[in-house]
1. Report every pair of residues separated by at least 6 positions or lying on different chains whose Cβ atoms are under 9 Å apart, first residue within segment 29-49 and in a helix (DSSP H, G or I), second surrounded by fewer than 10 Cβ atoms within 10 Å (Cβ to Cβ).
2. Which of the residues spanning segment 105-123 are surrounded by fewer than 17 Cβ atoms within 10 Å (Cβ to Cβ), more than 21 Å from the chain's Cα centre (by Cα) and assigned to a loop (DSSP other than H, G, I, E, B)?
3. Please enumerate the residues belonging to segment 164-195 that are part of a loop (DSSP other than H, G, I, E, B) and closer than 28 Å to residue 91 by Cα.
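What follows is calculated from the coordinates using simple rules that are stated; it is not laboratory data. All of these numbers come straight from a predicted model, not from anything done at the bench. Glycine gets a Cβ as well: all are built from the backbone with ideal geometry, and neighbour counts include every protein chain shown.
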């Protein structure tokens, strides 16, 4: 006689696994929303700080460049080195006198009237060139219009380039050998009757 086996009845589980698509509890949704807001705020703070730092560096660099340019391009001040007289050929024209700044080194001659924004009507710049030969000037980086007066070794005016245009890189030749060059404000020669053949003394 065999013993009858006791069988365990299957009891169905009362709990069921939630579907992946089932809605989250309200408490969990709020928690995730708060975490997302915190992460967004942190990213905004980090990127905002980086942007401010970059802007500050850019502003500092621009200010440095502006300061450097201001220093490099500071307007030269007029320096009185002597007095020059213009002696007209015509007895009807009065002698004129100018306070002059004298330049004679290659560097000073190269710069000339560059970066000057104004010059009084009774002033001028006298260039002492190395030797008498045909001279050529231009108006690069020169802010004000000028009359350019070319003068020979004998101190007689040999040619005049009137009303030279500011910033122009067009060549303004003497056409005749000159040892000295006098730059004055534009229209000075016309207004004062200065002509080729007049003499200067300095």
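1. Correct list of pairs: 29/23.
2. Listed by number, the residues that qualify are 105, 120, 121, 122.
3. Initial filter on segment 164-195 (part of a loop (DSSP other than H, G, I, E, B)): 165-171, 174-177, 186-187, 193-195.
Once the filter is applied, which keeps residues that are part of a loop (DSSP other than H, G, I, E, B) and closer than 28 Å to residue 91 by Cα, segment 164-195 yields 174, 175, 176, 177, 186, 187, 193, 194, 195.
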